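A.B. asks: Below is a structure I'd like to ask you about.
The values are calculated or read from the model by the stated rules, or taken from the named source; none is laboratory data. Note that the structure is predicted; figures quoted are calculated from it, not measured. As a convention, Cβ positions derive from the backbone with ideal geometry for all residues, glycine included, and neighbour counts pool all protein chains shown. Protein only, heavy atoms only, side chains kept; ligands, DNA and RNA dropped before computing areas. Shrake-Rupley method; radii C 1.70, N 1.55, O 1.52, S 1.80 Å.
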Amino acid sequence: MRSKRMVTDRSGSNDLEQRSVARIVTAHRQQEGAGFTVRRPFPAAGLDMIDPFLLLDEMGPAEYGPGEATGAPDHPHRGFETVTYVLEGETEHEDSAGHRGRIGPGDVQWMTAGAGIVHSEMPARRIRERGGRVHGFQLWVNLPARLKMTRPRYQEIPAERIPQARTGDGRVQVSVIAGQALGVSAVIDTHTPIIYQDWTLEGGAGVVQSIPGSHRACIYVFAGSVHIGTRRAEVGDGQLAVLGEGSAVSLHVPDNAPAPARLLVLAGTPIGEPVARQGPFVMNTREELYRAFVDYQSGRMGSIER
Ligand code: MN
């Protein structure tokens with residue numbers, strides 16, 4: 001089912017109400033899949049989700065030696081979407097529907113698991129065998145009840161098709177995975193309104209990004225540090241800022257910053273439904289969760305043929 005595109009923000013820059021930082025959370029480190037380490041700002045104690053987002057993992061940056069890199073071999077998902085964004089390295093993906101692909105630097109795979117798939121997400125064989133650098137993100141986006149059992153869908157967008165933009169002074173750059181920024185619009189279609197942007201701000205740079213007032217919003221910093229909001233709360237590497245209400249956010253990096261700041265802006269319309277989640281399944285009720293485990297174990301989500 002196709003959904004409507006992001007609603008265009010029509011507010012002029014003069015009447016944007018600035019969001020401030022409501023809370024700062026430091027990502028914890030956690031082992032995932034077959035044993036790779038992620039930085040995970042949420043879910044965490046006291047921060048289950050930021051509706052509609054269920055999880056954010058930063059894989060790496062890590063330098064693996066020969067035979068060291070691992071991934072997430074065959075596992076199922078139902079009831080939500082996984083969004084993989086690779087910065088360095090390459091992920092090989094295959095699934096129970098016979099779909100195979102590679103996700104390299106700058107590429108995005110927006111996978112709607114919907115009713116269910118079994119998939120495998122592994123570092124490219126070259127990296128597993130010879131070693132190499134790995135850095136990327138996986139975001140989990142919830143689906144409303146009416147879409148939890150939708151047909152699985154992939155949107156695989158190579159780096160060259162991810163819209164990018166810069167400010168006039170060249171000090172701010174953005175890759176627009178979802179939503180709109182600096183006059184460019186994403187090519188990815190989202191089931192509910194979502195903003196997902198990768199920003200780079202050099203020292204002395206500043207920008208104001210509109211975020212519709214209906215969205216919940218957060219910012220994850222993964223290099224350097226940035227000052228957010230009119231009160232300029234400083235948010236550093238590995239920290240997530242949960243934003244308060246408003247229709248825009250201002251980002252600023254001081255002149256004397258030793259390195260550019262890198263950050264993800266994530267926002268979306270809250271789904272506002274009960275969440276029953278366990279492991280790879282995210283449903284509305286315990287009964288639906290139980291059904292997901294039964295369906296997976298009885299093979300109804302399929303398996304990867306090799
Ligand atoms: Mn997965």
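A.B. asks: Where does the charge balance sit around PHE36 when Lys and Arg score +1, Asp and Glu -1, over other residues with C-beta under 15 Å from its C-beta? Each step should come with its number before you reach the end.
C.D. replies: Numbers: positive: ARG29, ARG39, ARG40, ARG128, ARG133; negative: GLU32, ASP57, GLU58, GLU63, GLU68, GLU88, GLU90, GLU92, GLU121.
Net local charge, PHE36 excluded: -4.
A.B. asks: Where the only charges are on Cβ atoms (+1 Lys, Arg; -1 Asp, Glu), what is the dipole of the chain about its Cα centre, to the nearest 20 debye? Intermediate results must be reported in sequence, preceding the final value.
C.D. replies: Numbers: 33 positive and 35 negative charges, 98 e Å.
Charge dipole of the chain: 460 debye, to the nearest 20.
A.B. asks: Now for a separate question. Between GLU234 and ALA34, what length in nm is gained on full extension when 0.36 nm per residue of separation is reduced by their alpha carbon distance? It would help to have the intermediate numbers written out before the result.
C.D. replies: Working: separation 200, 0.36 × 200 = 72.00 nm, distance 3.48 nm.
Difference between extended and current length: 68.5 nm.
A.B. asks: If you stretched the chain out fully between ALA145 and ASP255, how much longer would it get, using 0.36 nm times the residue separation minus the C-alpha to C-alpha distance? Working shown, then result.
C.D. replies: Working: separation 110, 0.36 × 110 = 39.60 nm, distance 4.69 nm.
Full-extension gain reported as 34.9 nm.
A.B. asks: Say each of ARG133 and ARG306 gets a label point 7 Å from the Cα, pointing the same way as Cα to Cβ; how far apart are those two points in nm?
C.D. replies: Roughly 2.9 nm, to one decimal.
A.B. asks: Between ARG23 and VAL184, how high is the FRET efficiency from 1/(1 + (r/R0)^6) when r is the Cβ-Cβ distance and R₀ = 45 Å? Nearest 0.05. All intermediate terms of the calculation are to be shown ahead of the outcome.
C.D. replies: Details: r = 30 Å, r/R0 = 0.66.
For ARG23 and VAL184, the calculated efficiency is 0.90.
A.B. asks: If each of GLU63 and SER214 carries a label point 7 Å out from its Cα toward its Cβ, how far apart are those two points in nm?
C.D. replies: Computed distance between label sites GLU63 and SER214 equals 4.8 nm.
A.B. asks: Sort the following peptides by mean Cβ neighbour count (other Cβ atoms within 10 Å, averaged over residues), highest first: 26-35, 143-152. Each step should come with its number before you reach the end.
C.D. replies: On the way: 26-35: 13.1, 143-152: 16.8.
Going from most to least packed, we get 143-152, 26-35.
A.B. asks: Please report the equivalent ellipsoid semi-axes of the stretch 7-268, computed as sqrt(5 x eigenvalue) of the Cα gyration tensor, largest first, in whole Å.
C.D. replies: Working: eigenvalues 171, 93, 58 Å².
Largest first, the stretch 7-268 gives 29, 22, 17 Å.
A.B. asks: Between the DSSP loop rule and a limit of at most 10 other Cβ atoms within 10 Å, which trypsin sites (Lys or Arg not before Pro) in the stretch 190-281 are left?
C.D. replies: On the way: sites: ARG216, ARG231, ARG232, ARG262, ARG277; in loops: ARG231, ARG232.
Passing both the DSSP loop test and the Cβ count: ARG231.
A.B. asks: Moving to a separate point now. Just to confirm my numbers, what's the Cα centroid distance between the stretch 262-305 and the stretch 177-232 in Å?
C.D. replies: 26
A.B. asks: Take the alpha carbon atoms of the stretch 37-61, find their center, do the same for the stretch 160-174, and report the distance between the two centers in whole angstrom.
C.D. replies: For the stretch 37-61 versus the stretch 160-174, the Cα centre distance is 26 Å.
A.B. asks: Long-range amide H contacts for ARG277: which residues qualify at under 5 Å (H placed 1.01 Å from N, peptide plane, sequence gap of 5 or more or a different chain)?
C.D. replies: Close amide H contacts, sequence-distant or interchain: MET283.
A.B. asks: I've got another one for you. Can you pull the one-decimal nm distance between simple spin-label points at ALA45 and HIS75, each 7 Å off the Cα toward Cβ?
C.D. replies: 2.3
A.B. asks: To continue, here is another question. Subtracting the Cα-Cα distance from 0.36 nm times the residue separation, let me have the gained length for TYR154 to ARG102 in nm, one decimal.
C.D. replies: On the way: separation 52, 0.36 × 52 = 18.72 nm, distance 1.26 nm.
Difference between extended and current length: 17.5 nm.
A.B. asks: Using a probe of 1.4 angstrom, how much of the accessible area of the stretch 7-268 is carbon and sulfur, in percent? Intermediate results must be reported in sequence, preceding the final value.
C.D. replies: Values: 4740 of 10310 Å².
The value for the stretch 7-268 is 46 percent carbon and sulfur by accessible area.
A.B. asks: What accessible area per residue, rounded to a whole number of Å², is obtained for the chain using a probe radius of 1.4 Å? Mind showing how you got there, number by number?
C.D. replies: Values: 13410 Å² over 306 residues.
With the other protein chains kept in place, the chain gives 44 Å² per residue.
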